[in-house]
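All remarks here apply to the structure that follows.
The values are calculated or read from the model by the stated rules, or taken from the named source; none is laboratory data. Just so it is clear, the model here is predicted, and its values are computed rather than measured. Positions of Cβ are backbone-derived with ideal geometry, glycine not excepted, and every protein chain shown enters the neighbour counts. Side chains are part of the model used for accessible areas, which takes the heavy atoms of the whole protein and leaves out ligands, DNA and RNA. Shrake-Rupley method; radii C 1.70, N 1.55, O 1.52, S 1.80 Å.
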Amino acid sequence: MTGPIGIVNLPDQRRKIVSKRGAAFTLMVCGESGLGKTTFVNTLFSTTLKSYADNRKRHRKQVDKTVEIEITKAELEERFFKLQLTIIDTPGFGDYVNNNDAWAPIVEFLDDQHESFMLQEQQPRRQEKIDLRVHACLYFIRPSGHTLKPLDVEVMKKLGTRVNLIPVIAKADTFASADLDKFKARIRSVIEAQQIKIYTPPVEEDDIAVADETKNIIASIPFSVIGSETDVETSDGRIVKGRQYPWGVAEVESEQHCDFKKLRNVLIRSHMLDLIHSTEEKHYEAYRAQQMETRKFGESRPRKLDTPKFKEAEQELRKRFTEQVKVEELRFKQWEQRLLAERDRLNKDLETTHLSIKSLETDLENLRLNSGRARR
Ligand SMILES: Nc1nc2c(ncn2[C@@H]2O[C@H](COP(=O)(O)OP(=O)(O)OP(=O)(O)O)[C@@H](O)[C@H]2O)c(=O)[nH]1
Ligand SMILES: [Mg+2]
């Protein structure tokens, strides 16, 4: 592969800890049908593992439509460090008449992995856990040149709260470079406006060179990719992974043509550990905390009610209920304040009345005294 796996570049101490155990990294691809997800997975594997490309050539000729969640594992080893790479390919959605629940099986898969890990953690023997929690989820965006579809926004919102979501523009070879930049800017502004949570690499300001590189990576989001399973010859005689056009070759690994290399670098080199840690600390913890609220320790998830669809509905209901309670509370507070003000006013009235009674009584007393004296 080009460029080493991330661990080799870590500071010594940390590297020792990680390289002893090795690391497991799980990547998922999802998005509309026919955008090149499966092709991307194969491109990533074949530019990373030579044996993979050879094997594939022997077994399969062309990419078929993906009809179920497919899991492929590979082990990379480099200078005593082992990386267990798992890629989860998902069936594309968007080509059915009813798109409403297109995201459901994917969201369910993500939640199931957290659930299964949580249950294993509660067991007395906690070694050798099976862990398929997804560390990064690439969301493929159609290279339409327009903007994100409502379906994309809906699905991305659901994914962003569960997993490190990385938006990717598919088939970058269908764009001229200036159009691609405009499209990227548009996608970024929709992501921001819709408050979609995406993975943003942390900028470590103490090392200027590293910070600049990270800022450069962030500026490239959403990453544009080209996928290809075939080797083609460029006009200057190089054999590369790419797509042949009358004008020349769109090269997968050329930084001028797309961000494939940059993205691969983020995934299995510069930010692999951050992706693993943030999955553990942010997304898994969020899942655990949410589950703890609703059930007792060791209790299993209520089966029928845990479908993502039901959960969304439940959350919506809960939200509406909380809002309603807030409105009522406010109304009650205002009413209480009015009541207190009224009480104060009446108390004041009472006081004034008392005072005037008192002074009337004094007047009366004086009158009585005066009339007594006069009679005498
Ligand atoms: N122009 C272009 N075509 C691509 C690219 N990547 C894949 N394709 C083509 O797009 C078609 C669909 O590719 P797949 O990899 O099967 O797409 P998918 O997203 O896995 O599709 P589903 O499994 O149905 O969701 C194939 O004909 C690919 O050759 C790319 O980067 N550029
Ligand atoms: Mg596919």
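Observations on the model:
- Look at the Cα gyration tensor of region 157-289: its axes a ≥ b ≥ c give a/c of at least 1.5 with a/b over b/c, and that counts as prolate.
- Those aspartates and glutamates that a straight Cα-Cα span of less than 15 Å connects to K358, excepting residues fewer than 8 apart in one chain: D349
- Pairs from the list K149/K262; K157/K241; K157/K184 with a Cα-Cα gap above 24 Å: K149/K262; K157/K241.
- P(r) histogram, all alpha-carbon pairs of region 307-376 included - 10 Å bins from 0, percent: 16, 17, 14, 13, 11, 10, 7, 5, 4, 2, 0
- Scanning residues 5 or more positions from G31 or on other chains, those with amide H under 5 Å from its amide H are F93, F140, with H placed 1.01 Å from N in the peptide plane.
- Among 145-155, 267-277, the peptide with the highest mean count of other Cβ atoms within 10 Å heads the list, and the full ranking is 267-277, 145-155.
- For the set F321, F332, F109, F183, solvent exposure ranked by accessible area (probe 1.4 Å, protein chains only) runs largest to smallest as F321, F332, F109, F183.
- Of all accessible heavy-atom area on region 307-376, the percent that carbon and sulfur account for (1.4 Å): 59
- When each of K158/K182; K37/K171; K158/K197; K171/K197 is checked by Cα-Cα distance, pairs over 20 Å: K158/K182; K171/K197
- Cβ-Cβ distance of Q120 and T234, R₀ of 51 Å, FRET efficiency by 1/(1 + (r/R0)^6): the value works out to about 0.55.
- Net length available on complete extension from Q337 to K358 is 4.4 nm, with 0.36 nm assigned per residue and the Cα-Cα distance removed.
- Fraction of accessible area attributable to carbon and sulfur, region 152-230 (%, probe 1.4 Å): 51
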